[in-house]
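The values are calculated or read from the model by the stated rules, or taken from the named source; none is laboratory data. Bear in mind that the values here come from a model prediction, so they are computed numbers and not experimental data. As a convention, Cβ positions derive from the backbone with ideal geometry for all residues, glycine included, and neighbour counts pool all protein chains shown.
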Amino acid sequence: MANTAEVQCPKSIAEEDRARAQMYQLLGALLGSPPSSELLSGLATLKGDDSSLGTASKQLAALAARTSPESAEREYHNLFIGLGRGELLPYTSYYLTGFLNEKPLAELRTDLMARGIQRNDDVKEPEDHIGTLCEVMAGIITGEFPCDSDVASQKAFFDAHIKKWAELFFSDLEKAQSAVFYAPVGSLGKAFMAVEAEAFAIQ
């Protein structure tokens, strides 16, 4: 995955956690903006096995190999931007309340502030965008932020801001009418969120 979403780790972390952070960062990159030609080329080299994650990885690799940056950008626009709005609204507030900029966003902002995580000035999206949440999780795992990066800290953030809705969002993405390249992104995200939820449940 090094050529798709390289994680910069300020501290030494276990290989399993590095792989988790890379998956979060990959999902964050794919959901935050349309994939570049370099990212598509990297995705085309993904390998997989017969697990849900492995199968989604193989499907994503096959589609990335035959998807142009232009068609991926059109698909991204139709899914997440649209004329007025995209097919999907990838925000915690919308999935949990049916409206944007509601209480879940306020709770997230309070949590981010307490963890010393600051919003980038060039980011216009509300912080409860699924791409941003994946990037934050990657940063917590790798110790990029001043907050604790242990499992308890990761679990607290996941349970509060991701667990309640991310799997449903990725399932919706997997089945979205506009999704071709992004369908296996949905499958990958859904499978990964299920693995994360199961792992945190036994902590």
Quick one: would you say residue 46 is among the aliphatic types (A, V, I, L, M), part of a loop (DSSP other than H, G, I, E, B), modelled with pLDDT of 95 or more and surrounded by 14 or more Cβ atoms within 10 Å (Cβ to Cβ)? yes
Check whether at least one residue in the stretch 177-200 is touching a residue at least 40 places away in the same chain (Cβ under 8 Å), of a type outside the set (Lys, Arg), in contact with a Lys or Arg (Cβ under 6 Å, 6 or more places away or on another chain) and part of a helix (DSSP H, G or I), and report yes or no. yes
Take the residues in the stretch 49-85 that are part of a loop (DSSP other than H, G, I, E, B) and touching a residue at least 60 places away in the same chain (Cβ under 8 Å); name whichever of them is surrounded by the most Cβ atoms within 10 Å (Cβ to Cβ). 67
Picked from the stretch 99-131 (must be modelled with pLDDT of 95 or more, part of a loop (DSSP other than H, G, I, E, B) and of a type in the set (Asp, Glu)), the residue nearest to residue 167 (Cα to Cα) is 128
Picking from 27, 63, 83, 40, which residue would you name as being of a type in the set (A, V, I, L, M), farther than 11 Å from residue 181 by Cβ and modelled with pLDDT of 95 or more? 27
